[in-house]
Amino acid sequence: MNQILIIEDEERISSFLEKGLSSNGFTTSVAATGKDGLEFARGGVFDLVILDIGLPDISGFEVLEELRRGDTATPVIILTARDGVIDTVSGLEGGADDYVTKPFRFEELLARVRVRLREDRVPETTLLKAGDCSLDLRTRRLARGEKTMELSAREFALAELFFRHPGQVLTREQILSNVWGYDYDPGSNVVDVYVGYLRKKLGSDAITTVRGTGYRLTDGHPS
């Protein structure tokens with residue numbers, strides 16, 4: 001499940017994007033200012049960023065510069081005004097991967113999102129591994145050694161998040177955002193419950209608790 005960060009101050013547009021992307025199977029997070037967007041980006045695990053150039057506090061160019069300073073890989077699609085040729089060129093030169101001019105059709109943006117996500121994942125592996133554990137993305141089965149296990153849809157989404165970031169500490173908020181979206185109460189214990197389900201299948205040592213922070217999938221290397 002791909003996580004997309006939308007940095008857009010116009011509520012009408014951000015709501016339009018959020019609903020459209022969610023209905024097409026993406027998980028979204030929305031920030032209305034550049035500073036909030038940078039905070040989200042630094043604290044989350046995102047597969048793509050949609051960035052408006054005309055933000056109310058700091059410019060989209062500054063946000064892009066900061067994003068690229070710490071992350072050169074995550075695709076960024078910028079939103080520009082129809083006559084913003086200079087903005088478009090500056091954005092692409094500043095590290096954006098693509099652009100869409102306002103007003104736009106959702107189908108156009110969706111196509112560009114899918115292209116960038118495919119490019120970002122070529123060649124796409126169908127088997128994710130961490131230590132002696134593996135997750136098959138085609139069959140949606142989990143394995144440890146010779147033992148293979150079936151997963152529910154939510155268990156698979158959680159397992160995929162862990163296996164795409166082995167050895168990395170994921171906070172409960174990051175997990176909620178990526179697997180459940182922000183409809184769930186951050187104080188809910190649903191993350192702990194589902195981590196428990198995966199531990200029963202993989203073994204209690206496969207996913208470690210980082211006290212006061214979150215969880216980490218053991219990757220077979222020393223911490």
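The values are calculated or read from the model by the stated rules, or taken from the named source; none is laboratory data. Owing to the predicted nature of the structure, the values given are computational and were not obtained by experimental measurement. In this analysis, Cβ positions are derived from the backbone assuming ideal geometry, glycine residues included, and neighbour counts consider all displayed protein chains. Ligands, DNA and RNA are excluded from the accessible area calculation, which covers all protein heavy atoms including side chains. Shrake-Rupley method; radii C 1.70, N 1.55, O 1.52, S 1.80 Å.
Values as computed for the structure displayed
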{"quantity": "Criterion: touching a strand residue (DSSP E or B) at 6+ places or on another chain (Cβ under 7 Å), at pLDDT 90 or above, within 27 Å of Val76 (Cβ to Cβ) and open to solvent by 20 Å² or more (accessible area, probe 1.4 Å) - qualifying residue of Val169, Val113", "calculated": "Val169"}
{"quantity": "Set Val45, Val30: member being within 15 Å of the chain's Cα centre (by Cα) and modelled with pLDDT under 90", "calculated": "Val45"}
{"quantity": "Asp52 vs. criteria of a type in the set (Asp, Glu) and touching a strand residue (DSSP E or B) at 6+ places or on another chain (Cβ under 8 Å)", "calculated": "yes"}
{"quantity": "Selection count, segment 95-117, where residues are in contact (Cβ under 8 Å) with a residue 40 or more places away in the chain, touching a helix residue (DSSP H, G or I) at 6+ places or on another chain (Cβ under 9 Å) and not small (Gly, Ala, Ser)", "calculated": "5"}
{"quantity": "Any hit, segment 37-44, residues being within 24 Å of Leu92 (Cβ to Cβ), touching a helix residue (DSSP H, G or I) at 6+ places or on another chain (Cβ under 9 Å) and not hydrophobic (A, V, I, L, M, F, W, C)", "calculated": "yes"}
{"quantity": "Any chance Thr101 is within 24 Å of Ala153 (Cα to Cα), modelled with pLDDT under 90 and open to solvent by 30 Å² or more (accessible area, probe 1.4 Å)", "calculated": "no"}
{"quantity": "Among residues of segment 3-35, those that are open to solvent by 30 Å² or more (accessible area, probe 1.4 Å) and in contact (Cβ under 8 Å) with a residue 24 or more places away in the chain, counted", "calculated": "9"}
{"quantity": "Checklist (1) within 24 Å of Arg42 (Cα to Cα); (2) open to solvent by less than 80 Å² (accessible area, probe 1.4 Å) applied to Arg118, failing item", "calculated": "(2)"}
{"quantity": "Qualifying residue in segment 187-203 (condition: among the small types (Gly, Ala, Ser), over 19 Å from Val45 (Cα atoms) and modelled with pLDDT of 90 or more)", "calculated": "yes"}
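Residue-wise test of (1) modelled with pLDDT of 90 or more; (2) over 20 Å from Asp9 (Cα atoms); (3) open to solvent by 70 Å² or more (accessible area, probe 1.4 Å); (4) of a type in the set (A, V, I, L, M).
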| residue | (1), (2), (3), (4) |
| --- | --- |
| Leu38 | yes, no, no, yes |
| Ile50 | yes, no, no, yes |
| Leu67 | no, no, no, yes |
| Ile86 | no, yes, yes, yes |
